[in-house]
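Data first, discussion second: the structure below is written as structure tokens.
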Amino acid sequence: MAILDILKYIAIEFDHYLELRNGQPRGRFGYVQLGNIALVDEGSSGMGGEQDKVTLTLINIEEEATLKNRPNYQRMEDDSIQRQEPPLFLNAYILMSCPSDTYETALTHISYLLEFYQRQRMLTLANAVEGDFPVQHVEKIILELVSLNLEQINHLWGVLGSRHYPAVMFKLKLVPIQASEQWPAERVETVSASGRVKRGPDDDGSQDNVNSDAG
């Protein structure tokens, strides 16, 4: 649920700012909604969402390669060792599209989105709107503006199969994914000079050898 909760919170933040700038309250998600922009043209109120709202669409997810090699053992409070695979750190690309009936309104909303990004590129619990920050998943959310060239823009809208709307893309950096399961790890008490591993008081270390005798 981490990705869903984080994207909902991003939508709430943008929605709150557009409400302030427009000066016309519409209630939560009155200006910004989660949805598939490719389905908005079909007038769908399901995955596509409603027309005349800024639509937040998840475009791509990638793994942060620089954080792949991390230890998968943790020391617990009782001094035991638990095995847990390290978190999966992701970068998520979101497209904020404005399928408004009027081009002027769409451009105005794009400008407001960029204003919000300029003033608040990092979101935390301290600056959260109405206490909705997904603190159970992340400590902070970092926004980065993504610049696409004309060829990339043409390919993107071609893949989406939608008309080209005024839009801006953001990258959400380092979204962690972590399952809650942990497994007890076999405890290593000592390693002798000969390389034999002793796992407990009743183990003479005769079964395991760290070093290879080959060569």
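The values are calculated or read from the model by the stated rules, or taken from the named source; none is laboratory data. The model shown is predicted, which means the values in this text are computed figures rather than measured ones. Here the Cβ is made from the backbone with ideal geometry for all residues, glycine too, and neighbour counts use every protein chain on show.
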Practice item. Answer yes or no: is there a residue in segment 16-37 that is part of a loop (DSSP other than H, G, I, E, B), at pLDDT below 70 and among the charged types (D, E, K, R). Key: no
Point to revise | Among the residues listed as Val168, Val159, the single one being at pLDDT 95 or above and of a type in the set (A, V, I, L, M) | key: Val168
Check your understanding: Is segment 63-74 home to any residue that is in contact with a Phe, Trp or Tyr (Cβ under 7 Å, 6 or more places away or on another chain), more than 16 Å from Lys8 (Cβ to Cβ) and at pLDDT 90 or above?
Key -> no
Review point. Within segment 99-140, how many residues are assigned to a loop (DSSP other than H, G, I, E, B) and either under 13 Å from His16 (Cβ atoms) or in contact (Cβ under 8 Å) with a residue 12 or more places away in the chain (or both)?
Key: 16
Review point. Given (1) at pLDDT 95 or above; (2) on the phi > 0 side of the Ramachandran plot, where does Val146 come up short, assuming only one miss?
Key: (2)
**Study point:** Qualifying residues in segment 171-198 (those that are assigned to a loop (DSSP other than H, G, I, E, B) and hydrophobic (A, V, I, L, M, F, W, C)) - the one modelled with the highest pLDDT
**Key:** Ala179
